[in-house]
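Following: one structure in structure tokens, then a few remarks.
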Amino acid sequence: MPESASEARESAPRVPAYEADAVRAAEKPALAAGLPLMRWAASALADVVGAELRARPGAILVIAGAGDNGGDALYAAAELCGVADRVDVVLVRDRVHRAALEAATAAGARVRSTSEACADLADYTVVIDGILGIGRLADRRLSGSARALVERVLSLPTRPRVVAVDLPSGLDPDDGSADAAVLPADVTVTFGALKAGLVRGRGPGLAGRVHLVDLGLDAALRLARPALTAPLDLVRVSTPGSSDAVAQRA
């Protein structure tokens, strides 16, 4: 008999998962050393989305928030302008990662309003969810234009493919709790370490296939205690900062 989905999960390799504070602490030495973690993350994200487009060519909608998560999405948008039929960006906050937005628009991405994007959602093959990452927030529920756009995507009878940046926006990175206005991802591209919320609570049902991008944080993460280890058949993605890449250059 073929194994069930639950049996397949349990037979997958066990992967350490970390809470957000531990991941942020592991990133600090790399950021202090000037390593371009955001650009590495964005390139890996663009590669994953590019693979989606090779399977089904079309246009991309990038939903970008105010923080580093939005910056990752916008730098990826810049790289994808040469691959997608069209790259549109919706900024759901007044603040934005300015350098990343300039890179995206210089490459050919166009900024659209929430209402314009809502009217044209059927045109997009892929939606990149870059609204919220693992930053500290008192309330992770989406609001305003971000919530309106997500609810509109959720209402579609046939949805575009959704690629989440680090984790689906609105999902708690530690306990996996979430309200109704969270876009279920077909693929989640998570950076540096597996987030505990992706394998707790509602996380497994919202994350889709998880790609773990190696940013070279392993040494720093060894100083932290994982929140848990979970069976997960994830896809590992290398970057110039990956542990194996650094070893080859040494």
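All of the numbers you see were taken from the coordinates with simple rules; none came from a lab. Note that this is a predicted model, so its numbers are computed, not measured. Neighbour counts run over all protein chains shown; Cβ positions are idealised from the backbone, glycine included.
Assigning unit charges at the beta carbon (Lys, Arg +1; Asp, Glu -1) and nothing else, what dipole magnitude in debye, to the nearest 20, does the chain show about its Cα centre? Spell out each step's value before the answer.
On the way: 28 positive and 31 negative charges, 53 e Å.
For this selection, approximately 260 debye.
Under DSSP H, which helices of the chain have Cα atoms covering 27 Å or more of the helix axis and a Kyte-Doolittle average no less than -1.0? Could you put the intermediate results ahead of the total?
On the way: long enough: 37-55 (28 Å, 0.76).
Helices meeting the span and hydropathy rule in the chain are 37-55.
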Query raised in the report: Out of VAL210, GLY50, LEU137, whose Cα points farthest toward the positive end of the dipole of the chain (charges: +1 Lys, Arg; -1 Asp, Glu; placed on Cβ)?
Result: LEU137
**Report entry** For the chain, convex hull volume per residue from C-alpha positions, Å³
**Finding:** 141
Query raised in the report: Residue by residue, what Karplus-based ³J(HN,Hα) values in Hz, rounded to whole numbers, does the range 181-198 have, using 6.51, -1.76 and 1.60 with θ = phi - 60° and x for Gly and Pro?
Result: 8, 10, 6, x, 8, 7, 9, 10, 9, 9, 10, x, 7, 5, 7, 4, x, 6
Query raised in the report: Dipole of the range 1-148 (Lys/Arg Cβ +1, Asp/Glu Cβ -1, origin at the Cα centre): which of THR125, ALA109, LEU80 lies farthest to the positive side?
Result: ALA109
**Report entry** Shape call, the range 1-118: gyration tensor on alpha carbons, a/c limit 1.5
**Finding:** oblate
Report summary line: Sorted by chain and number, the residues with a modelled amide H under 5 Å from that of LEU228, at a separation of 5 or more or across chains, are ALA17
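Within the range 150-237, list the trypsin sites (Lys or Arg not before Pro) lying in a DSSP loop whose Cβ has at most 11 other Cβ atoms in a 10 Å radius.
On the way: sites: ARG152, ARG161, LYS195, ARG200, ARG202, ARG209, ARG222, ARG236; in loops: ARG200, ARG202, ARG222.
Here the sparse-neighbourhood loop sites are ARG222.
Rank the residues GLU116, GLU52 as a footprinting-exposure proxy: fewest other Cβ atoms within 10 Å of their Cβ go first.
So the ranking, lowest neighbour count to highest, is GLU116, GLU52.
Net charge within 15 Å of LEU137 by Cβ-Cβ distance, Lys/Arg positive one each and Asp/Glu negative one each, not counting LEU137 itself? Don't jump to the answer; show the numbers that get you there.
On the way: positive: ARG24, ARG93, ARG95, ARG136, ARG140, ARG141, ARG147, LYS195; negative: GLU19, ASP21, ASP68, ASP139, ASP166, ASP172, ASP174, ASP175, ASP179.
Combined, the nearby Lys, Arg, Asp and Glu give -1.
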Query raised in the report: Which whole-number percentage describes the relative contact order of the chain, with Cα contacts under 8 Å and a sequence gap of 6 or more?
Result: 23
Report task. Would you kindly derive the ³J(HN,Hα) couplings of the range 83-97 from the backbone phi angles with the Karplus curve 6.51 cos²θ - 1.76 cosθ + 1.60 (θ = phi - 60°), listing them in order in whole Hz, with x for Gly and Pro? Result -> 10, 7, 4, 7, 10, 10, 10, 10, 9, 9, 9, 5, 7, 7, 6
Report summary line: Here the percent of antiparallel bridges among DSSP beta bridges lying wholly in the chain, to the nearest 5, is 10
